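First comes the structure, then the notes that go with it.
The values are calculated or read from the model by the stated rules, or taken from the named source; none is laboratory data. Bear in mind that the values here come from a model prediction, so they are computed numbers and not experimental data. All Cβ positions, glycine included, derive from the backbone under ideal geometry; neighbour counts span all protein chains shown.
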Amino acid sequence: MIGNLVEFKEITRKHARTEQDTPDQHPNKVFIASRSPVVVALRVAAFDAAFALSIKLTKLKRAGREEEYAEAWCSVKKVGSDDARSRDCISQVLGCPISIKAFGDNVSKLRHIVAGQHYSINGLKITTIPGKPQEYTVNSDTVIEKSGEKSAGLLLDLAPLSDLRTGQRDLNVIGVIIQYDENATHGAKNGNKWVRRKFTIANADGKIAVTLWGSTAESFKGSVGNVALLCGVSIQEYKGFISLQLPSYPCILLDPAFLECEELHRWYKDSVKINGVPEGLAYSVDYPMMTLVDAVDKACSSENEDICFKSEAVVISINDSEISYISCGMCKKKIKDSGECPAHGYDIGETCTRYLLKITIGEADNQMNTTAFESVGDSLFKMSANELANLATENPSAYDDAFRKIVGKTYTISIRAKYVSESQLLQSTIMSMVPVVMDE
Ligand SMILES: [Zn+2]
């Protein structure tokens, strides 16, 4: 089952006050807005396409009475209203999931939402409080209907973990939690108390550290194996590694219901783990733009140390005498001539054909020999290593075409390289290749 795994707990509504709802009438309420909130109640917020990511039903105490409460998280694409003022208001949140809340009698309208389906939603009330995310509330005019939207589930762009750059902002990132601080760390500096919780998210491309602070760190209840969708993050560099910086009111969804989430669960379940952590994952690093010449200089001046860089380069050739290897079914290691895996001996399960490409890339008069593996091969050829190998015998002209589509083209290539002093060779591995779109 996916979706709805966020822990149910009693929630006290802390902010967002409405016209009928003043501190005098409800003395128990906590107001945390430091200045009077600006309330915009247009009653026209409408989304033609809202994709439900999670739905939570619970009870909360409001003005001393227990009340039904529902909260749905949706990613939204189309704003249905023609009202310019309302469009301006909503445009701030497109690209980030929104939370739609319902209280008391209005809960019945939200209750039927199922995570993983599309809806059209009309007549939500928007509440804007300076410095906080907008709030969307179901009221008596709200109409929620299943929509005929045919697009793939998530209406958000997801940034690939392997291609994050320092300074990027407002990204949505998703990964499986592979390491998690069960207990938040408490400390104090200069008399100010702080709370911190660290965890690591990963996918097949790599892993990245996430640090939560303050009340978010205390209230966040993830665990290893959950898929976490983090929205509106920015990217920072720390000692050459990339880390995620969350906005002050972060949106973190656990196990949201959509396709990529299921795929991540599958990847995590199938991955080979050491002490419970998928093996062979590197922390995401910054790939600064460099020429091949500068990169080689840098690698040679820091012997036996990995350097990472990005270059815009042309694929000069791909050696097709050997494009793949047979790997152990339990890990990705190459099977020796004796039929053994270096790690698993003869207990190799079902073996697998994986890409191992020797690619020569060039930039001006300079060339570099590089190696590329599974994920790069898949994205370059848009087929598996096995399928490509079959093509060689079954359809030689299609096989040649597959190479012709790549050779001579320019790509933005992320590379990890190391100058090995013992062999006096530069080892260089392609981590990702993205075609450069040339202006016609
Ligand atoms: Zn093995």
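Return the only residue of Tyr249, Tyr180 being in contact with a Ser or Thr (Cβ under 9 Å, 6 or more places away or on another chain), within 22 Å of Lys56 (Cβ to Cβ) and at pLDDT 90 or above. Step through it out loud before you land on a result.
Numbers: Tyr249 fails: at pLDDT 90 or above.
Exactly one of Tyr249, Tyr180 is in contact with a Ser or Thr (Cβ under 9 Å, 6 or more places away or on another chain), within 22 Å of Lys56 (Cβ to Cβ) and at pLDDT 90 or above, namely Tyr180.
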Check: Taking Ile361, is it farther than 30 Å from Ile177 by Cα, more than 16 Å from the ligand (Cβ to nearest atom) and surrounded by 15 or more Cβ atoms within 10 Å (Cβ to Cβ)?
Finding: yes
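Restricting to region 404-434, name every residue that is of a type in the set (Phe, Trp, Tyr) and closer than 13 Å to Thr360 by Cα. Show your work before the answer.
Pass one, region 404-434, residues of a type in the set (Phe, Trp, Tyr): 411, 419.
Listed by number, the list holds a single entry, Tyr411.
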Checklist line | Residue satisfying all of: in region 60-113; among the aromatic types (Phe, Trp, Tyr) and buried (at least 19 other Cβ atoms within 10 Å of the Cβ); modelled with the lowest pLDDT among these | finding: Trp73
Notebook entry, point to check: Under 6 Å by Cβ, and 6 or more places apart or on different chains, what pairs join a residue from region 328-347 that is within 20 Å of Ile274 (Cβ to Cβ) with one that is among the basic types (Lys, Arg)?
Noted result: Cys341/Lys333; Pro342/Lys333; Ala343/Lys333
Next item on the list: Could you list, in sequence order, all residues of region 397-423 that are over 33 Å from the mean Cα position of the chain (by Cα), touching a residue at least 60 places away in the same chain (Cβ under 8 Å) and outside any loop (DSSP other than H, G, I, E, B)?
Entry: Val420
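Of everything in region 381-396, what is within 29 Å of the chain's Cα centre (by Cα), over 15 Å from Leu356 (Cβ atoms) and among the hydrophobic types (A, V, I, L, M, F, W, C)? Give them in sequence order.
We begin by selecting, within region 381-396, every residue within 29 Å of the chain's Cα centre (by Cα); these are 381-387.
Filter again for over 15 Å from Leu356 (Cβ atoms), leaving 382-383, 387.
Matches in region 381-396: Met383 only.
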Next item on the list: Only residues that are surrounded by fewer than 13 Cβ atoms within 10 Å (Cβ to Cβ) and not aliphatic (A, V, I, L, M): list them for region 388-399, please.
Entry: Thr393, Glu394, Asn395, Pro396, Ser397
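Counting just the residues of region 336-357 that are hydrophobic (A, V, I, L, M, F, W, C) and more than 8 Å from the ligand (Cβ to nearest atom), which one comes out modelled with the lowest pLDDT? If you could, list the steps in order and put the result at the bottom.
We begin by selecting, within region 336-357, every residue hydrophobic (A, V, I, L, M, F, W, C); these are 341, 343, 348, 352, 356-357.
With more than 8 Å from the ligand (Cβ to nearest atom) added as a condition, the list becomes 352, 356-357.
On the way: Cys352: 88, Leu356: 95, Leu357: 96.
Among those that are hydrophobic (A, V, I, L, M, F, W, C) and more than 8 Å from the ligand (Cβ to nearest atom), it is Cys352.
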Margin query: For region 268-284, give me each residue that is surrounded by fewer than 16 Cβ atoms within 10 Å (Cβ to Cβ) and modelled with pLDDT of 90 or more.
Written below: Lys269
Margin query: For region 122-140, check the following and say yes or no: at least one residue is within 30 Å of Leu259 (Cα to Cα), hydroxyl-bearing (Ser, Thr, Tyr), at pLDDT below 85 and within 27 Å of the chain's Cα centre (by Cα).
Written below: no
Margin query: Give me the residue from region 285-332 that is closer than 18 Å to Thr429 by Cβ, at pLDDT 85 or above and within 16 Å of the ligand (Cβ to nearest atom) and, out of that set, surrounded by the most Cβ atoms within 10 Å (Cβ to Cβ).
Written below: Ser327
